[in-house]
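Below is one structure, written out as structure tokens; comments come after it.
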Amino acid sequence: MIKGIQLRGLLVSFGARNPFLSRSPGAFHSVRRSISRSSISMGVFGTFCQICGLPVQHTCYVSIDGGPEGVMRIYRGDPQDEEPEAPPPVPFLLEHAWLCEAVALSPDPTRPPVPGTVQDGDLKPNNPEDIPAPPPTEIPPELAAMPGFDPEAFHQLQASMAASRTLFVATGDADDSDDGLITVHSACLDLATEHRARRGLPPPSVEDIERVSASDAWRPFSNTYHQQLFDFDRLRSDDLAWALVDPRMVQDGEADTSSGSDDAAGEGNGPHRADDSSGANTGLEGGSAGGSSADVNASGGTVEAAAKRSRLRVLALLSALDAGNTAE
């Protein structure tokens, strides 16, 4: 006899309050809300761009000022969710909005990229029609034979899940996601496409991008900052908050596009440098979420200078795309 359904790591047990065993709409929605809350509390994790290594969301753990030692809360990127006693480690501003612009890429070249937003491993597409509705699932005979089973409630839940039209992208790499999907920032994909076009090459494939995430520059960075959620606090402490600035905020002609640039390649854990000579530690202080740090940040560096360094960093990583590729 089936005792439960495994739903992306969450076991939904059958019992007196199971939605499939009750015709009460209240019971059905109550269990759905419980499932949602449980999946959030039990499955909180970050998703990381497979090109630049930064997260594709602002979600992070924050310390509570004056709270018990070791007790953290989760900030999910909503300014209305900020609490004075638990501010995010970086005041997310307009120049940080790009971090939440994700794209899911399939190894199947016939499947187009799907842009959207990510939370807890699920990508919600900007356009639901980008994800075809899954075909109806037949009711397992063992389940249908259970006393009190309600097929209408089963189909309601199935329809609700189908209507959500999300892609499970996990932490961003192909190993854990559905159908071998990988996740990147829209900005990083644009830069990668431009990088390839200059060399007479087509847009990067999943296989191409996996060379970046397997490179000697990418792995040490991920080992340092990829925790259950991205360690923004450590990145800030390492004077690398400039890397969080949108690399598109500087025009192509204003940045050295040589991916071999020393400033782009940097030293230590991947393509960055701790000694930020430009002073562009943008996002460390000032402003409020949703606002802008305008021209000058707390360290005296400009957002434009930070954007240039951010762009050079991504371009340095993209050098891994050139391995074994020549224009046809």
request  = Rank-order 214-223, 86-95 by packing density, defined as the average count of other C-beta atoms within 10 Å over each peptide's residues, highest first.
outcome  = 86-95, 214-223
ask   = Among 303-313, 164-174, what's the highest-first ranking by average C-beta atoms within 10 angstrom per residue?
value = 303-313, 164-174
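Read-outs throughout are calculated quantities, based only on the coordinates presented, and are distinct from any laboratory measurement. What you see is a predicted model; the values in this text were computed from it and never measured. FYI the Cβ positions are ideal-geometry reconstructions off the backbone, even for glycines, and counts take in every protein chain you see.
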